[in-house]
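Taking it in order: structure first as structure tokens, then the write-up.
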Amino acid sequence: MDANQDSGNEARRIIAVRWPAVADALDAADSSLPALPALQLDKSGPIATLCVGDIRLASAWEPEKEAALQCSVIHPAAAQATLFGIGMGYLPPLLLERLPDDGTLTVVPLNLSLLSQLLPLIDMTPWLGDSRVQLRLAETYNRLPVNALATPPVLQIAERSAEPVRDWLLQKLSESHVQNHQQSNLQVITDNIAYHLDHHMHDEDVGVLFSMLQGAADGCEPRVASDVARDYVVMGAGPSLDHSAAAIVELQKAGACTIAVDAAVVSLFKHGIVPDYIVTIDPMDYVARLLDVDQSKLSATSLVYFPSANYGAVAAWQHKRYTAIGSHGRFEHFNRVKPSTVLFSSGSVIHPAVDLAVRAGARNIYLAGADFGFPFELTHAVDSPFAADRKSVYAEGQTVRNYHDEEMASQINFISYYRDLEQYIDRQVTRGVSFHNLGHFSAKIRHVSCVPLAA
């Protein structure tokens, strides 16, 4: 931290020469209103460090040892690495020491206002001038590269354009926790899969449904009138579902086909909405509560389920059922026993519900209750069996942005589902599918417009 203004100017010059797009973005950050509080020197530990508010940018005790520990996650034989967030600059030189002479270190600032403040204070010219270094803007990424690591404090102050990358990094950092959780449910999942083998042989695969819908579109008799629809409404169980109910009713009257996740069914019934399809994949016993409605009103409704789904809830279903599988290896045996249709799934039941609409031939898909956060400080739609006050259940401090560009409380698994769905939708819009959101207070999904129906 002995660098002076001259090193800051030299760092700016290097960036301008080598990465003009980054230099332009830095200039734009300088000209905008301050997005961060001024940096403060923290001398509470043996080594002085810098703080943004109450966030230390590096350890005040053993920052170099901490940085070395972080670098150890990069394989010694790796020729490339990507660092997200610069912090106080401890990591880039250590990473360069691990890379070969023809290697590449890509450094991605997560907050350009922070970088602008740091350049006059910390001499970054040695590593910025290294020919192996590439500086890249976070907004240019659409997925995480391999051999990536992050500077954790900067994740808390990532600028808006870096929020998708921040969320992917948080998802990556939580992988071990997710795996432990899945491992704890492994026996339940295994039991359900074993129970469902008989169902799997007797129930039609969802691929049959898709063929039938395509035939209906060509003039054959559909199962129900709405099956020939090209407008689909996919209904999650988020709190905004209640605010979208009137719009769902109007779309349903106009002929839209409706697909609900299991947790939304009770709430939809309260609004007089009976879905055409219900999707369930969860193995736990509480799923039975999610489908605890008058089944006589569901005679025209089909259940689409994964073999992981709760056996009791599926067995109790009195009407038409279709099977599908996810891409996880646990479903390989089912596919061998009877060729099965794979629906997109990355942890949330909303994923196969959306894929069901896409595969059925939807041209317009309206999302309702797909919030991926806690609007109105609630976890779920009011009448959902899961409904609770957000503050009484979660306090992780993660956020997403809604369609009003406001930050909304969320949690890491919701954010993971959100970003995975966003990437899925990215692929579908290139194939002519249009996505719309009925919830102004839902997480703002790229390529998904918010329609005025639920204003």
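The values are calculated or read from the model by the stated rules, or taken from the named source; none is laboratory data. These numbers come from a predicted model, not from an experiment. Glycine gets a Cβ as well: all are built from the backbone with ideal geometry, and neighbour counts include every protein chain shown. These area figures cover heavy atoms from the full protein model, side chains too; ligands, DNA and RNA do not enter into them. Shrake-Rupley method; radii C 1.70, N 1.55, O 1.52, S 1.80 Å.
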Whole-Hz couplings from phi, Karplus 6.51/-1.76/1.60, listed for region 282-295; x for Gly and Pro:
6, x, 7, 5, 5, 4, 4, 5, 5, 10, 7, 9, 5, 5
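Can you give the calculated 222 nm mean residue ellipticity of the chain, where each DSSP H run of n ≥ 4 adds -39,500 (n - 2.57) and the sum is split over every residue, rounded to the nearest 500 deg cm²/dmol? Display every interim value, and only then the final one.
Numbers: 19 runs with 174 residues, N = 455.
One gets -11000 deg cm²/dmol as the mean residue ellipticity at 222 nm.
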State the answer as a single residue: which of LEU96, TYR195, GLN171 lies farthest towards the positive end of the charge dipole of region 64-217, with beta carbon charges of +1 for Lys and Arg and -1 for Asp and Glu, about the Cα centre.
LEU96
Where THR140, THR301 fall by accessible area, highest first, once all protein chains stay in place (1.4 Å):
THR140, THR301
On the full set of protein chains, 1.4 Å probe, figure out the accessible area of TRP61 and give it in Å² to the nearest 10.
140
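Just the number, please: percent antiparallel of the DSSP beta bridges in region 333-445, rounded to the nearest 5.
Working: 6 of 10 bridges.
Once the DSSP bridges in region 333-445 are tallied, antiparallel ones form about 60 percent.
Give the accessible surface of the chain per residue, rounded to a whole number of Å², with probe radius 1.4 Å and ligands, DNA and RNA excluded.
Values: 20230 Å² over 455 residues.
Accessible area per residue, the chain: 44 Å².
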Considering the options GLY45, GLN70, ILE15, tell which one lies farthest towards the positive end of the dipole of region 1-94, charges being +1 on Lys and Arg and -1 on Asp and Glu at the Cβ, about the Cα centre.
GLN70
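Mind checking the dipole of region 6-95: about its Cα centre, +1 per Lys or Arg Cβ, -1 per Asp or Glu Cβ, Debye to the nearest 20? Walk me through the numbers on the way to the answer.
Numbers: 6 positive and 10 negative charges, 29 e Å.
With only Lys, Arg, Asp and Glu charged at Cβ, the dipole is about 140 debye.
Only Cα pairs under 8 Å and at least 6 apart count here; give the relative contact order of region 1-80 as a rounded whole percent.
Working: 50 pairs, mean separation 10.9, N = 80.
Over region 1-80, the number comes to 14 percent.
First compute the accessible area of the chain with a 1.4 Å probe, then give the percent of it belonging to carbon and sulfur atoms.
Details: 10430 of 20230 Å².
Ligands and nucleic acids excluded, carbon and sulfur give 52 percent.
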Accessible-area order (highest first, 1.4 angstrom probe) of the listed residues ARG336, ARG363, ARG136:
ARG336, ARG363, ARG136
Rounded to the nearest 0.05, FRET efficiency between HIS202 and GLU377 (Cβ-Cβ, R0 41 Å) equals 0.35
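With 26 Å as the limit, write out which pairs from LYS270/LYS320; LYS172/LYS444; LYS320/LYS444; LYS253/LYS297 have Cα-Cα distances beyond it, or answer none. Can you show the working numbers first?
On the way: LYS270/LYS320 23 Å; LYS172/LYS444 21 Å; LYS320/LYS444 34 Å; LYS253/LYS297 17 Å.
Correct reply: LYS320/LYS444.
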Sorting GLY326, SER116, PHE84 by the position of each Cα along the dipole of the chain (Lys, Arg +1; Asp, Glu -1; all at Cβ), the one nearest the positive end of that ordering is GLY326
Using a 1.4 Å probe on the protein heavy atoms only, what accessible surface does ARG12 show? Give it in Å² to the nearest 10.
60
If we count every other residue with Cβ under 13 angstrom of LEU110's Cβ, Lys/Arg +1 and Asp/Glu -1, where does the sum land?
-1
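Counting only DSSP beta bridges with both residues in the chain, tell me the antiparallel percent, nearest 5.
About 20 percent, rounded to the nearest 5.
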What are the residues whose amide H is under 5 Å from the amide H of GLN80, where those residues sit 5 or more places off or on another chain and H is modelled from the backbone?
THR104
Given unit charges at Cβ for Lys, Arg (+) and Asp, Glu (-), the dipole magnitude of the chain about its Cα centre in debye, nearest 20, is 680
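Tell me, in nm to one decimal, what length is gained between THR104 and ALA254 on full extension, where the rule is 0.36 nm per residue of separation less the Cα-Cα distance? Each step should come with its number before you reach the end.
Working: separation 150, 0.36 × 150 = 54.00 nm, distance 5.57 nm.
Gain on extension, THR104 to ALA254, equals 48.4 nm.
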So for VAL342, VAL451, what's the accessible-area order with a 1.4 Å probe, most first?
VAL342, VAL451
For GLN252, the net charge from surrounding residues (Cβ-Cβ under 12 Å; K, R +1; D, E -1) works out to -2
Quick one: compute the contact order of the chain, relative version, from alpha carbon pairs under 8 angstrom and 6+ residues apart, as a percent.
13
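What is the magnitude of the charge dipole of region 21-170 about its Cα centre, with +1 placed on the Cβ of each Lys and Arg, -1 on the Cβ of each Asp and Glu, and no other charges, expressed in debye to the nearest 20? Intermediate values should be presented prior to the final figure.
Numbers: 9 positive and 17 negative charges, 54 e Å.
Approximately 260 debye in magnitude.
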